[in-house]
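What follows is a single structure, written as structure tokens, with notes after it.
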């Protein structure tokens, strides 16, 4: 009895699998999808061709010449605009540089003190001075490691590194004259 049941189950399984494997595929559906795809391609091509024909309408020589002139004028305008932008940017850069620079030239600022073999030199506005030289009407009397002493008609003043050697009030009056 058990053998018969197992054999019947096997037969049903084989029949079920066989019908699935050997079942015919629907040819009509495959053909329809292929035909529809071809139609879509043909329709797209026809649309492209129709659009191309509309675009390729014949234009007179006069119209083409006018279009070329308009394109040239547009290119020229764009070129001039770019040139103007470059010049404007250049001017702005120059203005930024002018603003950022410290205006210390001509203010007689002591920048450094240089020592060589017990000889001291003062670096004022990028120029080298020694004892006895005049800076802005003031004579250098003494140069030490961190400061210099100046004489102006008997009035003795000292200036440290980074400070002006000549009072700013004198500089302003000189500029106003």
| Once the Cβ-Cβ distance between residue 160 and residue 91 is put in as r, and R0 is 35 Å, what FRET efficiency do you end up with, to the nearest 0.05? | 0.35
| message | If I model a spin label at residue 2 and residue 67 as a point 7 Å from the Cα along the Cα→Cβ vector, what separation in nanometres do I get? | response | 9.1 nm
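Every number here is computed from the coordinates shown, using simple stated rules; none is lab data. Predicted model only: the values in this text are computed from it and were never measured. Virtual Cβ from ideal backbone geometry, glycine too; neighbours counted across all protein chains shown.
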